[in-house]
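Colleague: Next up is a structure, given as structure tokens.
Laboratory data are not the source of any read-out in this text; all were calculated from the coordinates shown. Everything numeric in this text was worked out from a predicted model, so none of it was measured. Neighbour counts run over all protein chains shown; Cβ positions are idealised from the backbone, glycine included.
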Amino acid sequence: MLTQPQKLFYDQNGYLLVEDILTPDQLSKLQDITYRYIDASRTVSESNDIYDLDAGHSAQTPKLTRIKLPHKQDPYFWEVLVNSRVTQVLTDLLGPNTTLLTSKLNTKAPGGGAAVEWHQDWAFYPHTNDDLLAFGIMLEDVTPDNGPLMVIPESHRGPVLSHHANGVFCGAVDPDDPDFHIDRAVTLTGKAGSMTVHHARTLHGSAPNISDRARMILFYEIAKADAWPILGSGSYFHGLGQTRFWQDLQDRTITGAPVLEPRVEAVPVRMPLPPAPDSSSIFKTQKTGGAKSAFSNSNASM
Ligand SMILES: O=C(O)CCC(=O)C(=O)O
């Protein structure tokens with residue numbers, strides 16, 4: 001599916017934009033399911049296992065930061081991952097054996113949808129090697145004013161920056177860190193049905209949504225199956241115990257099979273500990289961990 005120049009671009013820059021990754025039918029099915037979930041959130045008044053609510057959420061005006069683990073909410077989110085052009089891109093970039101780490105549908109509501117402060121996914125979940133990436137499928141058009149994903153090219157080959165503040169893991173880099181070069185940021189906009197790819201070590205973030213349209217990106221975060229998670233990160237599967245972990249791993253296997261011999265490489269690791277007071281989502285981690293905001297003069301707010 002990907003051309004050699006596209007693969008080379010990803011390898012060198014740590015990100016890629018792929019247009020028309022979905023067929024019109026796949027896109028419209030995903031949109032329908034998503035809008036059904038957003039509509040159903042009208043009866044919800046506190047964040048729960050499905051929804052992360054944004055400030056100002058109400059029955060009249062649903063405002064979500066996120067639908068959590070969409071592949072567990074509706075089987076179609078899993079179907080698209082295992083049987084579509086998305087799967088082909090995955091195989092092109094990570095080979096035949098891959099494991100889903102998490103999924104999330106960040107819905108950035110119109111008129112304020114929260115910023116995601118700059119971070120490296122790797123800081124949240126270090127592994128034995130860094131063959132990890134995130135796909136971001138745009139379910140609506142992403143434009144400069146609705147909070148597009150921004151990335152820093154080539155940062156996947158640079159240092160893993162500190163994501164700590166006030167003695168806890170706050171899930172964001174300090175905007176004043178001398179290794180954080182925001183002047184090099186690239187903004188990834190595109191039509192609904194396009195997909196971004198970013199490496200787990202690529203620095204990325206996104207501004208608030210100041211438009212009157214939702215910015216809906218469906219993220220899948222994925223590891224090559226020989227990259228094994230290092231105990232102590234925030235992923236739910238660290239708490240499952242061996243038998244349930246094994247079952248869960250089968251359920252998260254996207255392509256091929258689990259690989260029982262981890263490939264251990266000399267990758268830079270700084271454990272995301274101690275956790276922020278509320279580490280139930282990146283929004284909560286950044287807010288309660290006291291992350292400094294790169295998008296305003298104040299602390300991260302939600
Ligand atoms: O929604 C976004 O713009 C970025 C999301 C992200 O980086 C994350 O949830 O880790």
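Colleague: Tell me, what is the percent relative contact order of region 4-287, built from C-alpha pairs under 8 Å that lie six or more residues apart?
Modeller: Value for region 4-287: 28 percent.
Colleague: A further question follows. Distance between Cα centroids, region 11-36 to region 102-161: provide it in whole Å.
Modeller: Centre-to-centre distance over Cα atoms comes out at 15 Å.
Colleague: Which residue, Tyr15, Gln242, Phe219, has the largest displacement toward the positive end of the dipole of the chain when charges sit on each Cβ (Lys, Arg +1; Asp, Glu -1)?
Modeller: Of the options given, the answer is Gln242.
Colleague: Where the centre of each part is set by its Cα atoms, how far does region 254-297 sit from region 192-231, in angstrom?
Modeller: What the calculation gives is 13 Å, centre to centre.
Colleague: Extension gain Val259-Arg184, at 0.36 nm per residue separation less the Cα-Cα distance, in nm?
Modeller: Working: separation 75, 0.36 × 75 = 27.00 nm, distance 3.69 nm.
That pair, Val259 and Arg184, stretches by 23.3 nm at full extension.
Colleague: Under the 0.36 nm per residue contour assumption, what length would be gained going from the current alpha-carbon distance of Thr243 and Glu154 to full extension? Can you show the working numbers first?
Modeller: Numbers: separation 89, 0.36 × 89 = 32.04 nm, distance 3.89 nm.
Roughly 28.1 nm would be gained on extension.
Colleague: Something else now. For Asn129, put the label point 7 Å out on the Cα→Cβ axis and report which residues of region 232-268 keep their amide N under 13 Å from it.
Modeller: 259-267
Colleague: Quick one: length gained pulling Ser211 to Val269 fully straight, 0.36 nm per residue minus the C-alpha distance? Please list the in-between numbers first.
Modeller: Details: separation 58, 0.36 × 58 = 20.88 nm, distance 3.74 nm.
Extending this stretch completely gives an extra 17.1 nm.
Colleague: When we measure straight from the Cα of Lys29, which lysines land under 26 angstrom away, once same-chain ones fewer than 8 places off are left out?
Modeller: Lys63, Lys68, Lys72, Lys104, Lys108, Lys191
Colleague: Sort region 1-144 into rounded, prolate or oblate with this rule: let a ≥ b ≥ c be the square roots of the eigenvalues of the Cα gyration tensor; rounded if a/c is under 1.5, and if a/c is not under 1.5, prolate when a/b is larger than b/c, oblate otherwise.
Modeller: Details: a/c = 1.89, a/b = 1.60, b/c = 1.18.
In terms of gyration-tensor shape, prolate.
Colleague: Okay, next question. Of the options Asn146, Phe180, Ala165, report the single residue whose Cα projects farthest towards the positive end of the charge dipole of region 137-226 (beta-carbon charges: Lys, Arg +1; Asp, Glu -1).
Modeller: Farthest towards the positive end: Asn146.
Colleague: A further question on this structure: Could you tell me the calculated FRET efficiency between Thr43 and Ser235, based on Cβ-Cβ distance and R0 = 41 angstrom, to the nearest 0.05?
Modeller: 0.90
Colleague: Another question, then. Using R₀ = 35 Å, calculate the FRET efficiency as 1/(1 + (r/R₀)^6) where r is the Cβ-Cβ separation of Asp176 and Asp278; round to 0.05.
Modeller: Efficiency for this residue pair is about 0.90.
Colleague: Consider just the alpha-carbon atoms of region 4-287 and return their Rg together with their Dmax, both in angstrom.
Modeller: 17.8, 52
Colleague: Label region 159-302 by shape, choosing from rounded, prolate and oblate, from the square roots a ≥ b ≥ c of the eigenvalues of the Cα gyration tensor; if a/c is under 1.5 it is rounded, and otherwise prolate applies when a/b is larger than b/c, oblate when it is not.
Modeller: Judged from the Cα gyration tensor, region 159-302 comes out prolate (a/c at least 1.5, a/b above b/c).
Colleague: Arrange Glu79, Glu140, Glu19 by Cβ neighbour counts within 10 Å, fewest through most, would you?
Modeller: Glu19, Glu79, Glu140
Colleague: Let me ask another. Provide Leu139, Leu133, Leu249 in ascending order of the number of other Cβ atoms located within 10 Å of each residue's Cβ, fewest first. Each step should come with its number before you reach the end.
Modeller: Values: Leu139 22, Leu133 28, Leu249 16.
With the fewest neighbours first, Leu139, Leu133, Leu249 line up as Leu249, Leu139, Leu133.
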